[in-house]
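Student: Here it is, the structure, as structure tokens.
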Amino acid sequence: MPGAKRWSAGLYSNKETTMHHVTRRELLKSAVAGAAAFALTPVGVWAADEKKGFTLPKLPYAFDALEPHIDAKTMEIHHDKHHQAYVTNLNNALKGHEDLLSKSLDDLIRNLKDIPDEKLRTAVRNNGGGDLNHTMFWQIMGPQKGGQPSGALAKAINDAFESFDKFQQQLSTAAITRFGSGWGWLVVDKGKLKILSSANQDNPVSDGLTPILGIDVWEHAYYLKYQNRRPEYVKAWWNVVNWDNVAERHNQAMKE
Ligand code: MN3
């Protein structure tokens with residue numbers, strides 16, 4: 001069997017040349033990675049282990065889980081292509097910047113102003129922002145959700161906006177009237193709830209605020225099903241809001 005021969009040859013040469021650099025953990029990991037990868041990239045396997053980078057989080061439900069409000073094809077392209085592209089471009093931009101790669105995504109976007117190089121800062125703002133925004137977006141939605149929040153979050157919404165209906169109307173308006181691509185947000189600002197919108201992939205954490213709910217109003221979020229009818233998409237989106245997740249974020253933000 002020619003394949004088997006190549007595999008054992010690859011293993012042998014790696015053992016001989018790099019064994020002294022390899023920890024037990026790395027060895028175990030590479031064994032799991034499989035014979036094919038090992039034989040084809042005998043050196044790369046070891047090096048890859050030391051590289052850090054951001055990774056695309058798994059969608060916490062199936063592509064079609066938010067039907068009929070958000071269609072499966074939109075979810076698939078949105079997650080697998082658009083969100084993946086932000087992650088890939090962020091990693092490409094951060095190549096060689098070990099200090100930035102070692103930060104959390106939240107930290108990176110919260111402290112954007114600390115990146116002195118303008119070109120790099122813009123790349124992180126757009127692509128890191130895209131990664132952070134979408135990571136939250138998948139979590140604050142879910143199948144068989146919608147309705148209204150309860151408990152402390154419901155009270156905070158009533159205190160800030162008089163009623164849930166008024167809150168819903170204000171956030172819808174902010175999302176619908178955001179010119180071009182961007183997001184509508186519910187944020188915590190020094191213990192108080194506020195509604196705002198941002199352009200592109202800008203995230204309110206860069207302004208010292210804590211977003212607890214965000215709606216993506218880029219056309220890629222709705223165009224396949226709703227075409228130019230953004231208000232219709234925004235109306236339908238309320239049916240997939242995962243208020244338990246938003247309440248957790250609110251609770252966390254109130255402790256900070
Ligand atoms: Mn998007």
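Student: Which of the aspartates and glutamates could be linked to K225 by a straight reach, that is with a Cα gap under 16 Å, when you skip same-chain ones fewer than 8 residues away?
Tutor: Cα-Cα hits under 16 Å: D64, E67, D71, E76, D216.
Student: Work out the FRET efficiency for S181 and K52 from their Cβ-Cβ distance, taking R0 = 22 Å, and round it to the nearest 0.05.
Tutor: Rounded to the nearest 0.05, the efficiency is 0.15.
Student: Could you size up the charge dipole of segment 54-133 around its Cα centre, putting +1 on the beta carbon of Lys and Arg and -1 on that of Asp and Glu, and report it in debye to the nearest 20?
Tutor: Magnitude of the dipole: close to 220 debye.
Student: Something else now. Would you order L186, L66 from fewest to most other beta-carbon atoms within 10 Å of each residue's own beta-carbon?
Tutor: Listing L186, L66 from fewest to most nearby Cβ atoms yields L66, L186.
Student: Past 19 Å, Cα to Cα, is the threshold; run K190/K255; K145/K235; K103/K192; K155/K192; K145/K194; K113/K194 against it and keep the listed order.
Tutor: K103/K192; K145/K194; K113/K194
Where a number appears in this text, it was derived from the coordinates with a stated rule and is not lab data. The structure displayed is predicted, hence computed values, not measured ones. Glycine also receives a Cβ, built like all others from the backbone with ideal geometry; neighbour counts cover every protein chain displayed.
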